[in-house]
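Colleague: Encoded as structure tokens, here's the structure I'll be asking about.
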Amino acid sequence: MWRNTTQSENLFQTRCLVQGKVCAVIIDGGSCTNFASTRLVSKLHLETKPHSKPYKLQWISENIEMLVDKQVEVCFSIGKYEDVVLFHVAPMKASHLLLGRPWQFDKKTSHNGQSNKYSFFHHNKKIVLASLSHSEVREDQKKMREKYEQERKKLEKEERNRKKRK
């Protein structure tokens, strides 16, 4: 049987605002936790707290385990939806925030796979979140890669200058 895969094989990706800054968000029902990127936490000087039960995490494409030992509450908005969510802090390049099953469970979300939209009630108002288009996702990913590359080059230059001064 043929099926339309335009949405069925796509992650839900959108944008949000955190402290007035545009950030990338992924909603992923396959993730057993909510994650905030270490880069987001660092750049916005968000206050973290120790994780009550630190654990080791290994991303699919990494050979290195990392210790997830920090959490952060992030106030964000997506359109008219505003919320504060507790996230585990981990290095991520794909997105700034990842809303996993805990958020979906707490919000009692419904996901329409055909349209790739999430709906739920927040403060007695129905919220419907729509995913970005393919071109918008590609553009966001390109911008994120460019920023990561600029930051990497800046850090390398600072390291070279530090070594020269010694």
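Every number in this text was worked out from the coordinates using simple rules, so none of it is lab data. Computed from a predicted model, the values in this text were never measured in an experiment. Cβ coordinates were reconstructed from backbone atoms using ideal geometry, including for glycine residues, and neighbour counts include every protein chain displayed.
Colleague: State whether the chain is rounded, prolate or oblate according to the following rule on the C-alpha gyration tensor (a ≥ b ≥ c being the square roots of its eigenvalues): a/c under 1.5 gives rounded; otherwise a/b larger than b/c gives prolate, and the remaining case gives oblate.
Modeller: Values: a/c = 1.83, a/b = 1.54, b/c = 1.19.
Since a/c reaches 1.5 and a/b is larger than b/c, the shape of the chain is classed as prolate.
Colleague: When the helices in the chain are scored as -39500 (n - 2.57) per DSSP H run of 4 or longer and the sum is shared across all residues, what 222 nm value do you end up with, to the nearest 500 deg cm²/dmol? All intermediate terms of the calculation are to be shown ahead of the outcome.
Modeller: Details: 4 runs with 49 residues, N = 166.
Taken over the chain, the calculation gives -9000 deg cm²/dmol.
Colleague: Could you name the lysines in cross-link range of Lys154, using Cα to Cα under 20 Å and dropping any fewer than eight places away on the same chain?
Modeller: Lys43, Lys93, Lys142, Lys143, Lys163, Lys164, Lys166
Colleague: Given an 8 Å cut-off on Cα distances and at least 6 residues of separation, report the relative contact order of the chain as a percent. Can you show the working numbers first?
Modeller: Working: 256 pairs, mean separation 41.3, N = 166.
Normalised by residue count, the contact order of the chain is 25 percent.
Colleague: Then there's this: Return the long-range amide H neighbours of Thr109 (sequence gap of 5 or more, or a different chain), with a cut-off of under 5 Å between placed amide H atoms.
Modeller: none
Colleague: Order these peptides, 103-115, 71-83, 26-38, 46-58, by their mean beta-carbon neighbour count within 10 angstrom, highest first. Each step should come with its number before you reach the end.
Modeller: Details: 103-115: 14.0, 71-83: 15.8, 26-38: 18.8, 46-58: 11.1.
Answer by packing, highest mean first, reads 26-38, 71-83, 103-115, 46-58.
Colleague: Using a 10 angstrom cutoff on alpha carbons, build the Gaussian network for the chain and name the most mobile of Arg15, Arg101, Arg152.
Modeller: Judging by the Gaussian network model, the answer is Arg152.
Colleague: Taking the chain as the reference, fit the longest principal axis to its C-alpha atoms, fit the long axis of helix 134-165 to the helix C-alpha atoms, and give the angle between the two in degrees, 0 to 90, nearest 10.
Modeller: Rounded to the nearest ten degrees, it is 10.
Colleague: Pick from Leu67, Leu129, Leu155 the residue whose mean-square fluctuation is largest in a GNM of the chain, springs joining Cα atoms under 10 Å.
Modeller: Leu155
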